[in-house]
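Undergrad: Dropping a structure here in structure tokens format, bear with me for questions.
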Amino acid sequence: RPKALPFAQRAALCPNPVGRRLFEIMEQKKSNLSFNPDVTKKAEILRLTDLVGPSICMLKTHIDVVEDFDWDLVEQLRALAVKHNFVIFEDRKFADIGNTVQLQFTSGVYRIAEWADIVNAHLVPGPGIIDGLRQGAKAAGRDIGLLLLAEMSSKGNLATGAYTEANVKAALEHPDFVIGFIAMQGLAPAHPNLMYITPGVQLAKGGDALGQQYDTPEAVVGRKGSDIIQVGRGIFGAADPAAEAEKYRVAAWEAYQARVQA
Ligand code: 5BU
């Protein structure tokens, strides 16, 4: 693998302000760790986020699993994002026609376009999904970045081969809005303005009972050339989530350093 460009230099190549900001935060905090507190109680999400906040560049949410959701949760998460300097990625995985995703993005209970910095989408419906979400972001009047689901971590998933390649092509065709991918690796050839975020990461290889597959930060960022590790249960399932998050941050950052110094 050739020597990688540092995040600071990649920030300058990003046409989307959120992509640029995320690369800058990564450099400032020496963190390429994203944390997802996939728990169902508002207070627990806020507690975990505040604990782990110093170690992360990004918080990933599944807002629709929260049992006691209210708008105050969103406001408190935004306040934590300012306090700890991270971006918020709502992992909504939009997957419908452009007109419908625009409504799902801006309306309903969650009004995601009003508070998320980053969202993601499946390309199954075709590129109209990108245009629909872009219009939603414009209507909300906020800078938002989109990630395409080029690959997945779960056993037997269908995001492979020509489908993965179509995601890369679509990203290159929408450089103002698409900031990168959910992928299991830094997809070749490298596009340094785009970022690669990999879920299915724990400190030891393994999996869960429902098809999740885990690889290590060293393998994902070092060998496979991804940029950001996405970690949930590995951190919030530990006895000391703050200390555990630091372990992941250091492991992923050292793997990144080895790549830029190679
Ligand atoms: P975990 O607890 O570290 O396994 O959580 C992984 C998170 O990443 C979880 O929120 C999933 O919804 C998300 N995820 C994933 O695990 N695999 C994928 O391919 C995609 C998302 Br896309």
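The values are calculated or read from the model by the stated rules, or taken from the named source; none is laboratory data. Every value quoted in this text rests on a predicted model; they were computed, and no experiment measured them. Cβ sites come from the backbone with ideal geometry, for glycine too, and all protein chains shown count toward neighbours.
Undergrad: Just the residues that are within 12 Å of the ligand (Cβ to nearest atom) and more than 22 Å from Gly180 (Cα to Cα), please, taken from the stretch 229-240. Step through it out loud before you land on a result.
TA: Step one: list which residues in the stretch 229-240 are within 12 Å of the ligand (Cβ to nearest atom), which gives 229-238.
Arg233, Gly234, Ile235, Phe236, Gly237, Ala238, listed by residue number.
Undergrad: Further question on the same structure: Considering only the stretch 31-47, how many residues are within 14 Å of Tyr248 (Cβ to Cβ) and more than 11 Å from the ligand (Cβ to nearest atom)?
TA: 3
Undergrad: Step by step: first the residues of the stretch 234-262, then only those that are in contact with a helix residue (DSSP H, G or I) (Cβ under 8 Å, 6 or more places away or on another chain) and of a type in the set (Gly, Ala, Ser), then the one that is farthest from Leu48 (Cα to Cα). Which residue is that?
TA: Within the stretch 234-262, the match that is farthest from Leu48 (Cα to Cα) is Ala258.
Undergrad: Scan the stretch 151-176 for residues that are in contact (Cβ under 8 Å) with a residue 24 or more places away in the chain, assigned to a helix (DSSP H, G or I) and surrounded by fewer than 14 Cβ atoms within 10 Å (Cβ to Cβ) and jot them down.
TA: Scanning the stretch 151-176 gives a single hit, Glu173.
Undergrad: Could you tell me whether any residue of the stretch 159-182 is touching a helix residue (DSSP H, G or I) at 6+ places or on another chain (Cβ under 6 Å) and either aromatic (Phe, Trp, Tyr) or over 22 Å from Asn36 (Cα atoms) (or both)?
TA: We begin by selecting, within the stretch 159-182, every residue touching a helix residue (DSSP H, G or I) at 6+ places or on another chain (Cβ under 6 Å); these are 174, 177-179.
Subsequent filtering for residues that are either aromatic (Phe, Trp, Tyr) or over 22 Å from Asn36 (Cα atoms) (or both) retains 174, 177.
Within the stretch 159-182, one or more residues are touching a helix residue (DSSP H, G or I) at 6+ places or on another chain (Cβ under 6 Å) and either aromatic (Phe, Trp, Tyr) or over 22 Å from Asn36 (Cα atoms) (or both).
Undergrad: Continuing with the same structure: Kindly list the number of the only condition in (1) of a type outside the set (Ser, Thr, Tyr); (2) touching a residue at least 40 places away in the same chain (Cβ under 8 Å); (3) out of contact with any Asp or Glu (no Cβ under 7 Å at 6 or more places or on another chain); (4) buried (at least 22 other Cβ atoms within 10 Å of the Cβ) that fails for Ile235.
TA: (3)
Undergrad: For Asn193, state whether it is on the phi < 0 side of the Ramachandran plot, within 15 Å of the ligand (Cβ to nearest atom) and outside any strand (DSSP E or B). Walk me through it before giving the result.
TA: On the way: on the phi < 0 side of the Ramachandran plot: yes; within 15 Å of the ligand (Cβ to nearest atom): no; outside any strand (DSSP E or B): yes.
Here the answer is no, as Asn193 does not meet what is asked.
Undergrad: Taking the condition at pLDDT below 95 and assigned to a loop (DSSP other than H, G, I, E, B), does Ala188 pass? Steps first, please.
TA: On the way: at pLDDT below 95: yes; assigned to a loop (DSSP other than H, G, I, E, B): yes.
Criteria met by Ala188.
Undergrad: Among the numbered conditions (1) more than 21 Å from Ala258 (Cβ to Cβ); (2) buried (at least 17 other Cβ atoms within 10 Å of the Cβ), tell me where Asp70 comes up short.
TA: Evaluating Asp70 over (1) more than 21 Å from Ala258 (Cβ to Cβ); (2) buried (at least 17 other Cβ atoms within 10 Å of the Cβ) leaves (2) as the failure.
Undergrad: Then there is this: Pick out the one residue from Leu158, Leu149 that is under 22 Å from Asp227 (Cβ atoms) and within 12 Å of the ligand (Cβ to nearest atom). Spell out the reasoning first.
TA: Details: Leu158 fails: under 22 Å from Asp227 (Cβ atoms).
Answer to the check: Leu149.
Undergrad: Here is a check on your reading of the model: is Tyr256 touching a residue at least 60 places away in the same chain (Cβ under 8 Å), more than 15 Å from the ligand (Cβ to nearest atom), in a helix (DSSP H, G or I) and crowded, with 20+ Cβ neighbours inside 10 Å?
TA: Yes: the conditions hold for Tyr256.
Undergrad: Within the stretch 219-228, is there a residue that is closer than 29 Å to Glu44 by Cα, within 13 Å of the ligand (Cβ to nearest atom) and in contact (Cβ under 8 Å) with a residue 60 or more places away in the chain?
TA: Yes, because at least one residue in the stretch 219-228 is closer than 29 Å to Glu44 by Cα, within 13 Å of the ligand (Cβ to nearest atom) and in contact (Cβ under 8 Å) with a residue 60 or more places away in the chain.
Undergrad: Could you tell me how many of the residues in the stretch 113-150 are under 15 Å from the mean Cα position of the chain (by Cα) and surrounded by fewer than 17 Cβ atoms within 10 Å (Cβ to Cβ)?
TA: Qualifying residue count for the region: 0.
Undergrad: Further question: Give me a count of the residues in the stretch 191-206 that are more than 13 Å from the chain's Cα centre (by Cα) and either loosely packed, with under 15 Cβ neighbours inside 10 Å or hydroxyl-bearing (Ser, Thr, Tyr) (or both).
TA: 3
Undergrad: Any residue that is under 23 Å from Leu59 (Cα atoms) and part of a strand (DSSP E or B) - is there at least one of those in the stretch 230-242? Please lay out each step first, then the result.
TA: Applying the first criterion (under 23 Å from Leu59 (Cα atoms)) to the stretch 230-242 yields 230-242.
Still in the list and also part of a strand (DSSP E or B): 230-231.
The answer is yes; a qualifying residue exists.
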